[in-house]
Amino acid sequence: MRFASLGSGSRGNSTLVECGDTLLMIDNGFSTKETDKRLERLAVTGHDIDAILVTHEHSDHVAGVARYSRRYDIPVWASHGTSTMIKKLDAVQCFNSQQAFSLGDIEIEPILVPHDAREPTQFVFSSNNIKLGVMTDVGSITPHMVDALNGCVGLLLECNYDHEMLVNGVYPASLKRRVLGDWGHLDNQQAVELLQQLDLSRLQHLALAHISEKNNSADIVLNSVSQALQCDRAWPKIIDQQEGLAWCVLS
Ligand SMILES: [Zn+2]
Ligand SMILES: [Zn+2]
């Protein structure tokens, strides 16, 4: 199994997960042209994608989904709640957000998460005893999330904001409340707390995502995570809004 990112942050998110003959795209907050360009960096095209899974209806995750799925005739999957919010698509395949299902060679476990959307899910992907967790928009840590992520070999995790920077930053008060709340996003400290609760003995790749450009920095994220995990600062990967993340292979 391998995973990559086209980019992550409030200006667009999209992740790729591939195993065997199956290539899945998770979310797409980019235009068709931009998506094609970013896929080219990863040596794949829209024709290679078997399905697009949507985590929730926020525009940084769905803005490009309808057009891209039509352009390349790719089926779109989402929870029932999320599917009702994707207005520009006639046909969305619904999964039960409390039940695992398979697409091709990949088993997908939707994880219901606290986030301010209709029925937001994040995902754990598995195949042949390799487990990859993808958690980009999570307001707070739940026991269910910890259970699901235990023993993962790959983890893509949100480190959205630095608490001090957000509180003292330029966001209006209402937006600060939203991001800070239990249905908003994880800050660096919460991401670290989640990591510390997990069995990471099999972890090969940790990718840090959805980093706020106004209220956080790659430097601060790497400091917090490497200190908490007592790992080399160069080991965790930062997913850049513009550059995304090259393929990470899990074995
Ligand atoms: Zn969101
Ligand atoms: Zn988001």
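The values are calculated or read from the model by the stated rules, or taken from the named source; none is laboratory data. Just so we're clear, the structure is a prediction, and the values are computed from it rather than from any experiment. A quick note on method: Cβ atoms are made from the backbone with ideal geometry, for glycine too, and the neighbour counts reach across all protein chains shown. Heavy atoms of the whole protein, side chains included, go into the accessibility calculation; ligands, DNA and RNA do not. Shrake-Rupley method; radii C 1.70, N 1.55, O 1.52, S 1.80 Å.
Could you check how much of the accessible area of segment 2-239 is carbon and sulfur, as a whole percent, using a 1.4 Å probe?
On the way: 4720 of 10090 Å².
On segment 2-239, the fraction of accessible area on carbon and sulfur atoms equals 47 percent.
Which net charge results for the neighbourhood of N150, defined as the other residues with beta-carbon distances under 10 angstrom from its beta-carbon, given Lys and Arg at +1 and Asp and Glu at -1? Write down the numbers at each step before the final one.
On the way: positive: K131, R202; negative: D147, D199.
Taking every other residue near N150 into account, the sum is 0.
Given S5, T142, L132, which one lies farthest toward the positive end of the charge dipole of segment 2-239, if we put +1 on the Cβ of every Lys and Arg and -1 on the Cβ of every Asp and Glu?
It is S5, whose Cα lies furthest towards the positive end.
Please sort by residue number the trypsin sites (Lys or Arg not before Pro) in segment 13-103 whose DSSP state is loop and whose Cβ has at most 14 other Cβ atoms within 10 Å. Walk me through the numbers on the way to the answer.
Details: sites: K33, K37, R38, R41, R67, R70, R71, K87, K88; in loops: K87, K88.
Hits after loop and neighbour filter: K87, K88.
Subtracting the Cα-Cα distance from 0.36 nm times the residue separation, let me have the gained length for V167 to H80 in nm, one decimal.
Gain on extension, V167 to H80, equals 27.9 nm.
Restrict the search to segment 206-251; then list the trypsin sites (Lys or Arg not before Pro) that DSSP places in a loop and that have at most 15 other Cβ atoms within 10 Å of their Cβ. Numbers along the way, then the final one.
Values: sites: K214, R233, K237; in loops: K214, R233.
Counting only loop positions with at most 15 other Cβ atoms within 10 Å, the trypsin sites (Lys or Arg not before Pro) in segment 206-251 are K214, R233.
Shape of the chain from its Cα gyration tensor (a ≥ b ≥ c, root eigenvalues): rounded if a/c is under 1.5, otherwise prolate when a/b > b/c, or oblate? All intermediate terms of the calculation are to be shown ahead of the outcome.
Details: a/c = 1.43, a/b = 1.22, b/c = 1.17.
Taking the square roots of the gyration eigenvalues as a ≥ b ≥ c, the chain is rounded.
First select every other residue whose beta carbon is under 9 angstrom from the beta carbon of L166; then total the charges, Lys and Arg +1, Asp and Glu -1.
Details: positive: K176, K214; negative: D162, E164, D187.
Local net charge: -1.
Connecting C-alpha atoms closer than 10 Å in a GNM of the chain, tell me which of V192, V134, V54 has the biggest fluctuation.
Sorting by GNM fluctuation, first place goes to V192.
Label C94 and W235 with points 7 Å out from Cα along Cα→Cβ: what is the distance between them in nm?
The modelled label-to-label distance comes out at 4.3 nm.
Taking only protein heavy atoms into account and a 1.4 Å probe, give the accessible area per residue of the chain in Å².
On the way: 10740 Å² over 251 residues.
Ligands and nucleic acids excluded, the figure is 43 Å² per residue.
Using helices alone, I'd like the mean residue ellipticity at 222 nm for the chain: each DSSP H run of four-plus residues gives -39500 (n - 2.57), total over residue count, nearest 500. Provide the component values of the computation, followed by the final result.
Values: 9 runs with 69 residues, N = 251.
Rounded to the nearest 500, it is -7000 deg cm²/dmol.
Only sites in a loop by DSSP and with at most 14 other Cβ atoms within 10 Å count here; which GluC sites (Glu not before Pro) in segment 184-251 make the cut? It would help to have the intermediate numbers written out before the result.
Details: sites: E193, E213, E243; in loops: E213, E243.
Answer in residue order: E213, E243.
If I take R0 = 30 Å and measure r between the Cβ atoms of F101 and D182 in this structure, what FRET efficiency does the formula 1/(1 + (r/R0)^6) give, to the nearest 0.05?
Values: r = 28 Å, r/R0 = 0.93.
After rounding, the FRET efficiency stands at 0.60.
Calculated FRET efficiency, A218 and D73, Cβ-Cβ r, R0 45 Å, to nearest 0.05?
Numbers: r = 37 Å, r/R0 = 0.82.
Efficiency at R0 = 45 Å is approximately 0.75.
So how strong a dipole does segment 2-239 carry about its Cα centre when Lys and Arg Cβ are +1 and Asp and Glu Cβ are -1, to the nearest 20 debye? Intermediate values should be presented prior to the final figure.
Details: 20 positive and 29 negative charges, 122 e Å.
Approximately 580 debye in magnitude.
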